[in-house]
């Protein structure tokens, strides 16, 4: 029995040790599996953390680096000007090159052309879809739209079609739209000037060494805006078909403003063929009427044939020359002084003075002033005055501005000479230029006499330009009513004003084409409320000039110490 007990005891002991070994191995195995699982979790965590970090860095980079993410193949990272900026006299941008795009299509990259055309039709209803369909079928690369703006580019990109490509190029942008359309002109798609200053100074605007130096003009954008607005209002007020205005510095020929209406938006690049859109100031050729009487008076004074107070006696009501009969619109006294002939604007009185001057002297004056030659200005759009033939009665009609044609630009420049001491000025649009020593056309003494007479045209009770008498600006001037050359139905009402007339700095030309009487307009005429009795320049062009001077005067005064001093003296003394 004892032996059996021991044997069983050994067996039990042996079983105990076996069970302990299995439990230990099991625990080690579970522990090993747990460690492997944790390693995988850490690895996955590291992987996702790395992805998040990469995306965060990328998002931060894109947000800080404002790069266009559109399809801009071929776009250069840097912008190099190919044409100079154009600025006004105060440095305000008028014309500048910018980066823009053409939208093009590569048909080979379109999977569903029918669906593509549907999207185009819905998003761009103005596009010629039928033409685009034909081009798609040809399967050749083509431009779908030229000169697209940023909004259009975004809309094209939003279609999500990789077939749409954006071709970068430099486009000319005009910041004022139609404000300088007759002066600045345009460029073509290859940045070559095709009109205006852009064409006339095309090579100058492309000089590599000057690409970072803007071309400075004599124009003032603020004054241009005011004159353009007032002239537009006048065309509506008097139901005119067009108009023009020119503001010039009488001392150096700087053109501060040049407006011709109707105008057009030069950003739209449309071909303009209608003659009503010509530059009326530089290309329009007109008989400017009574404005020429100032030149007749100037010649008579310069040659010492008369003085301002010389009385011309027995002036007839009519003057017959060959088959022509010359009369005055209104009846004047039988005897008039030389200055009264200009103040009252007497045609017959001007004829009598011209006969004193003589044809040869008048011919020489016209030749020296180049009135019948092509005007000189930095534009190719200039008119060609009709060749002047000195046949019978030509001297008589020229004396009061008929039978002779010229441009508003030339006549305004000559008026500047009449009142600046007799110095001929060359009109210009370029601020930095070489100014030659001026030549005298009349003496300073004659010029001073003319200034006094022109002032009386505005302030005298018998004058024709009372509506331009704006307090504080010493306005002087002369009215004219005439016709457009080659079109007798085209009536031209003009007024040239000078101010301040005691020492003029500015000449302002205002013209209305085919104006009509405004029956509802009430004028303050010499302190009396009245309506217009005649359709003459004294009742429309003069009225407009007064409105313009009233608004631009303060701006000019700010830039002219002498002018503001004169204004203050008159206003408060």
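The values are calculated or read from the model by the stated rules, or taken from the named source; none is laboratory data. For clarity, every value in this text was computed on a predicted model and none was experimentally measured. Glycine gets a Cβ as well: all are built from the backbone with ideal geometry, and neighbour counts include every protein chain shown.
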| How many of the residues in segment 337-372 are outside any helix (DSSP H, G or I) and either closer than 23 Å to residue 464 by Cβ or over 38 Å from the mean Cα position of the chain (by Cα) (or both)? | 6
| request: Within segment 316-335, track down each residue that is under 16 Å from residue 402 (Cα atoms) and surrounded by 18 or more Cβ atoms within 10 Å (Cβ to Cβ). | output: 319, 326, 328
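Return yes or no: is residue 198 surrounded by 14 or more Cβ atoms within 10 Å (Cβ to Cβ), at pLDDT 95 or above and in the same structural domain as residue 100 (by TED's automatic domain parsing)?
Working: surrounded by 14 or more Cβ atoms within 10 Å (Cβ to Cβ): yes; at pLDDT 95 or above: yes; in the same structural domain as residue 100 (by TED's automatic domain parsing): yes.
Spelling it out, residue 198 is indeed surrounded by 14 or more Cβ atoms within 10 Å (Cβ to Cβ), at pLDDT 95 or above and in the same structural domain as residue 100 (by TED's automatic domain parsing).
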| said: Quick test of your reading of the structure: residue 338 fulfils all but one of (1) surrounded by 15 or more Cβ atoms within 10 Å (Cβ to Cβ); (2) more than 17 Å from residue 456 (Cβ to Cβ). Name the failing condition by number. | reply: (2)
| request: May I ask you to say which residue of 376, 334 is part of a loop (DSSP other than H, G, I, E, B), assigned by TED's automatic domain parsing to the domain that holds residue 258, farther than 26 Å from residue 442 by Cα and touching a residue at least 12 places away in the same chain (Cβ under 8 Å)? | output: 334
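At pLDDT 95 or above, in a strand (DSSP E or B) and within 16 Å of the chain's Cα centre (by Cα): does that describe residue 246? Can you show your working first?
Working: at pLDDT 95 or above: yes; in a strand (DSSP E or B): yes; within 16 Å of the chain's Cα centre (by Cα): yes.
Taking the combined requirement at face value, the residue satisfies it.
What are the residues in segment 274-283 that are surrounded by 22 or more Cβ atoms within 10 Å (Cβ to Cβ) and under 12 Å from residue 385 (Cα atoms), if any?
Kept after step one, since they are surrounded by 22 or more Cβ atoms within 10 Å (Cβ to Cβ), are these residues of segment 274-283: 279-282.
Scanning segment 274-283 gives a single hit, 282.
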| request: Under 7 Å between Cβ atoms, at least 6 apart or on separate chains: pull out the pairs that start in segment 277-300 with a residue that is not assigned by TED's automatic domain parsing to the domain that holds residue 376 and end on any residue that is in a helix (DSSP H, G or I) and buried (at least 24 other Cβ atoms within 10 Å of the Cβ). | output: none
| query | Can you name the residue in segment 383-399 that is touching a strand residue (DSSP E or B) at 6+ places or on another chain (Cβ under 8 Å) and in a loop (DSSP other than H, G, I, E, B) and, of all such residues, is surrounded by the most Cβ atoms within 10 Å (Cβ to Cβ)? | reply | 385
| Which pairs do you get when a residue that is in a helix (DSSP H, G or I), found in segment 96-113, comes within reach of a residue that is surrounded by fewer than 17 Cβ atoms within 10 Å (Cβ to Cβ), reach meaning Cβ atoms under 6 angstrom, with the pair 6+ apart or on two chains? | 107/139; 109/162
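For every residue, the table says whether it meets (1) loosely packed, with under 13 Cβ neighbours inside 10 Å; (2) not in a strand (DSSP E or B).
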| site | (1), (2) |
| --- | --- |
| 252 | no, yes |
| 256 | no, no |
| 260 | no, no |
| 271 | yes, yes |
| 307 | yes, yes |
| request: Please tell me if residue 116 is over 30 Å from residue 252 (Cβ atoms) and surrounded by 20 or more Cβ atoms within 10 Å (Cβ to Cβ). | output: yes
| request: Just need a number here: residues in segment 488-499 that are over 26 Å from the mean Cα position of the chain (by Cα) and surrounded by 24 or more Cβ atoms within 10 Å (Cβ to Cβ). | output: 0
| query | Checking residue 178 against (1) assigned to a helix (DSSP H, G or I); (2) not assigned by TED's automatic domain parsing to the domain that holds residue 278, which single condition isn't satisfied? | reply | (1)
| said: Return the residues of segment 181-204 that are under 24 Å from residue 222 (Cα atoms) and not in a loop (DSSP other than H, G, I, E, B); say none if nothing qualifies. | reply: 181, 182, 183, 184, 196, 197, 198
| query | Identify, please: which residue in segment 533-545 is touching a strand residue (DSSP E or B) at 6+ places or on another chain (Cβ under 7 Å) and assigned to a loop (DSSP other than H, G, I, E, B) and is, among those, farthest from residue 470 (Cα to Cα)? | reply | 536
